[in-house]
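Beneath this line is the structure, given in structure tokens, with notes to follow.
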Amino acid sequence: MAKLVTEHRLNLLLALILLIGPLVAHFADEPFLVTLATRATILALAGVGLNIALGLGGLISFGHAAFFGLGGYAVGILASHHQTYEPLMTAPFVISGTNQMLILWLVAILVSGLAALVIGALSLRTSGVYFIMITLAFAQMIYYFAISWPAYGGEDGLSIYVRNAFPGINTLKPLNFFLLCYAVLIVVLIAQWRMSGARFGVALQAVRQNEGRVAALGLSPYRIRLAAFVISGMVTGFAGALYADLNRFVSPTMLSWHLSGEIMIFIILGGVARLFGPVVGACLFVLFEHLFGSFTTHWQFFLGLALLAVVLFARGGFIGLVVGRARHD
């Protein structure tokens, strides 16, 4: 109980720091720092998505960049058609583009969820290294398709000239867009926390620990894992939609296996299966990139040292390390 109370307090503190930091930067007239915080928030959301599959379900996926990129391309394609006033489809009925975030988010979530359903239905028939490689293979297939899709930029990517609209909010202002992304992250974190304590979350964790016993109880481990994988893909696709609006640009790099690895790094740095683990990991990643990237192109070396230290000396990541010390104190 003391461990849970300590971790909840730490999570609350981290949420306040992530909120207060950009507010201070805004009033100090540092919009670039607000944008950095927004990027960390969106990447954290992508990490939360993977953490549902990896942390709760034990599913090591190296293909989550596929869902991140599909969410981004869903936004980019619809926004581009809205900008050019050309319909996306004319037969059998007309489908036009849009710049409304609520519609774009819904489309991105549905597209990512459908992709996760198809990929998960096939990949989850395997396990271990085979599951890892199949998810990676699917992601690379989508990546190469995006490169060879000249209608939407191909290898050069696709620009979104004006950030999309949200009712009642001027999303062009950095602080407003940050607060919107922050609200989304907090809502998803609360939903994950509630889910982990619900029957589905308990069943998912039970499947991770002992698949045979869950099957003996009459439950289907395959269906439980597939549901978790789809939810995971939808959350990561949601993050991709926000990332497209942040940069006002989408490209095949959003689908690359490098990004899948980076999302997994967020979770390992912060703590696998920890609620705020991806948040801490994403913030550390952006911080390392900003601080060390300003004087060397090899800033990943320092990130690698941090990752190595976590793997060797802090198996529970940053969250586990802090909570463990608090318990000893």
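I want to confirm something. Restricting to the range 124-153 and keeping residues that are touching a residue at least 40 places away in the same chain (Cβ under 8 Å) and of a type in the set (G, A, S), which single residue is surrounded by the fewest Cβ atoms within 10 Å (Cβ to Cβ)?
Result: A137.
Find the residue count for the range 189-247, including only residues that are farther than 20 Å from V279 by Cβ, basic (K, R) and surrounded by fewer than 23 Cβ atoms within 10 Å (Cβ to Cβ).
Of the residues in that region, 4 qualify.
So A206 clears everything in (1) more than 18 Å from L54 (Cα to Cα); (2) part of a helix (DSSP H, G or I) except one condition, right? Which one?
Of (1) more than 18 Å from L54 (Cα to Cα); (2) part of a helix (DSSP H, G or I), only one is false for A206: (1).
Going through the range 279-317 one residue at a time, which ones are closer than 23 Å to L189 by Cα, at pLDDT 90 or above and open to solvent by 40 Å² or more (accessible area, probe 1.4 Å)?
Within the range 279-317, C283, L284, L287 qualify.
Rundown of residues vs (1) at pLDDT below 95; (2) under 21 Å from H81 (Cα atoms), yes/no style:
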{"position": "I142", "(1), (2)": "no, no"}
{"position": "P150", "(1), (2)": "yes, yes"}
{"position": "E155", "(1), (2)": "yes, yes"}
{"position": "V162", "(1), (2)": "yes, yes"}
{"position": "F166", "(1), (2)": "no, yes"}
{"position": "L175", "(1), (2)": "no, no"}
{"position": "L180", "(1), (2)": "no, no"}
{"position": "L185", "(1), (2)": "no, no"}
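State all residues of the range 248-278 that are open to solvent by less than 10 Å² (accessible area, probe 1.4 Å), of a type in the set (G, A, S) and in a helix (DSSP H, G or I); if no residue qualifies, say none.
Matches in the range 248-278: S260, G270, G277.
Just one of the numbered conditions (1) open to solvent by 20 Å² or more (accessible area, probe 1.4 Å); (2) assigned to a helix (DSSP H, G or I) is not true of V34; which one?
(1)
Looking at the range 167-187, which of its residues are closer than 15 Å to F276 by Cα and touching a helix residue (DSSP H, G or I) at 6+ places or on another chain (Cβ under 8 Å)?
Once the filter is applied, which keeps residues that are closer than 15 Å to F276 by Cα and touching a helix residue (DSSP H, G or I) at 6+ places or on another chain (Cβ under 8 Å), the range 167-187 yields Y182, V184, L185, I186.
Which one of these is in contact (Cβ under 8 Å) with a residue 12 or more places away in the chain, farther than 15 Å from T236 by Cα and open to solvent by 10 Å² or more (accessible area, probe 1.4 Å): A121, A79?
Just one listed residue meets the conditions, A121.
Results for (1) among the hydrophobic types (A, V, I, L, M, F, W, C); (2) over 17 Å from A108 (Cβ atoms); (3) modelled with pLDDT under 95, shown as yes or no for each residue.
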site: E7; (1), (2), (3): no, yes, yes
site: L19; (1), (2), (3): yes, yes, no
site: L36; (1), (2), (3): yes, yes, no
site: A40; (1), (2), (3): yes, yes, no
site: V48; (1), (2), (3): yes, no, no
site: A66; (1), (2), (3): yes, no, no
site: G71; (1), (2), (3): no, no, no
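Among the candidates G261, G197, which residue alone is under 14 Å from the mean Cα position of the chain (by Cα) and at pLDDT below 95?
Result of the check over G261, G197: G261.
Among the residues of the range 170-203 satisfying the criterion of being of a type in the set (K, R) and in a helix (DSSP H, G or I), which is nearest to P31 (Cα to Cα)? Explain how you work it out, then say what you get.
Of the residues in the range 170-203, the ones of a type in the set (K, R) are 173, 194, 199.
Filter once more, keeping what is in a helix (DSSP H, G or I): 194, 199.
Numbers: R194: 34, R199: 43 Å.
Taking the candidates together, the pick is R194.
Conditions (1) in a helix (DSSP H, G or I); (2) touching a helix residue (DSSP H, G or I) at 6+ places or on another chain (Cβ under 8 Å), marked per residue:
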| position | (1), (2) |
| --- | --- |
| A66 | yes, yes |
| P87 | no, yes |
| L102 | yes, no |
| A108 | yes, yes |
| V111 | yes, yes |
| V118 | yes, no |
| I134 | yes, yes |
| F138 | yes, yes |
| Y161 | no, yes |
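Please list, ordered by first then second residue, the pairs with beta carbon atoms under 6 Å, 6 or more apart or interchain, first in the range 210-238 and on the phi < 0 side of the Ramachandran plot and in contact (Cβ under 8 Å) with a residue 40 or more places away in the chain, second open to solvent by 60 Å² or more (accessible area, probe 1.4 Å) and assigned to a helix (DSSP H, G or I).
Listed by first residue and then by second, the contacts come to V230/L117.
The values are calculated or read from the model by the stated rules, or taken from the named source; none is laboratory data. This is a predicted model, so every value here is computed, not measured. Backbone-built Cβ (ideal geometry, glycine too); neighbour counts: all protein chains shown. Calculation scope for accessible area: heavy atoms of the full protein, side chains included, ligands and nucleic acids excluded. Shrake-Rupley method; radii C 1.70, N 1.55, O 1.52, S 1.80 Å.
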